[in-house]
Amino acid sequence: MDMGFQIVDVIRILLAIILPPVGVFLQVGLGLHFWLNILLTLCGYLPGIIHAIWVILRK
């Protein structure tokens with residue numbers, strides 16, 4: 001498993017901070033994690049950010 005960051009990862013993380021569902025969508029598409037992230041973001045902005053960054057970094 002390569003833990004190095006690419007520029008695409010940095011862009012996804014920045015998007016995840018601004019709009020968490022967009023960062024998740026770019027990582028996994030319209031799957032379960034995308035819809036879960038929308039729900040978390042609607043419940044609270046911070047849970048959406050945490051989940052989005054987790055999804056992006058776990059690849």
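Exactly one condition in (1) in contact (Cβ under 8 Å) with a residue 12 or more places away in the chain; (2) at positive phi is false for Gly29; which is it?
Evaluating Gly29 over (1) in contact (Cβ under 8 Å) with a residue 12 or more places away in the chain; (2) at positive phi leaves (1) as the failure.
Kindly evaluate Gln6 against the criterion of being modelled with pLDDT under 95 and surrounded by 12 or more Cβ atoms within 10 Å (Cβ to Cβ). Spell out the reasoning first.
Details: modelled with pLDDT under 95: yes; surrounded by 12 or more Cβ atoms within 10 Å (Cβ to Cβ): no.
It is false that Gln6 is modelled with pLDDT under 95 and surrounded by 12 or more Cβ atoms within 10 Å (Cβ to Cβ).
Looking at the structure I just gave you, is Phe5 of a type in the set (Phe, Trp, Tyr) and outside any helix (DSSP H, G or I)?
Numbers: of a type in the set (Phe, Trp, Tyr): yes; outside any helix (DSSP H, G or I): yes.
Considered against the rule, which asks whether it is of a type in the set (Phe, Trp, Tyr) and outside any helix (DSSP H, G or I), Phe5 comes out as yes.
Yes/no matrix, rows are residues, columns are (1) in a helix (DSSP H, G or I); (2) surrounded by 15 or more Cβ atoms within 10 Å (Cβ to Cβ); (3) of a type in the set (Val, Ile, Thr):
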{"residue": "Ile17", "(1), (2), (3)": "yes, no, yes"}
{"residue": "Val24", "(1), (2), (3)": "yes, yes, yes"}
{"residue": "Gln27", "(1), (2), (3)": "yes, yes, no"}
{"residue": "Asn37", "(1), (2), (3)": "yes, yes, no"}
{"residue": "Leu40", "(1), (2), (3)": "yes, yes, no"}
{"residue": "Pro47", "(1), (2), (3)": "yes, yes, no"}
{"residue": "Ile56", "(1), (2), (3)": "yes, yes, yes"}
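The values are calculated or read from the model by the stated rules, or taken from the named source; none is laboratory data. Keep in mind that this is a model prediction, so the values were computed, not measured. Please note: Cβ atoms are built from the backbone with ideal geometry, for glycine as well, and neighbour counts cover all protein chains shown.
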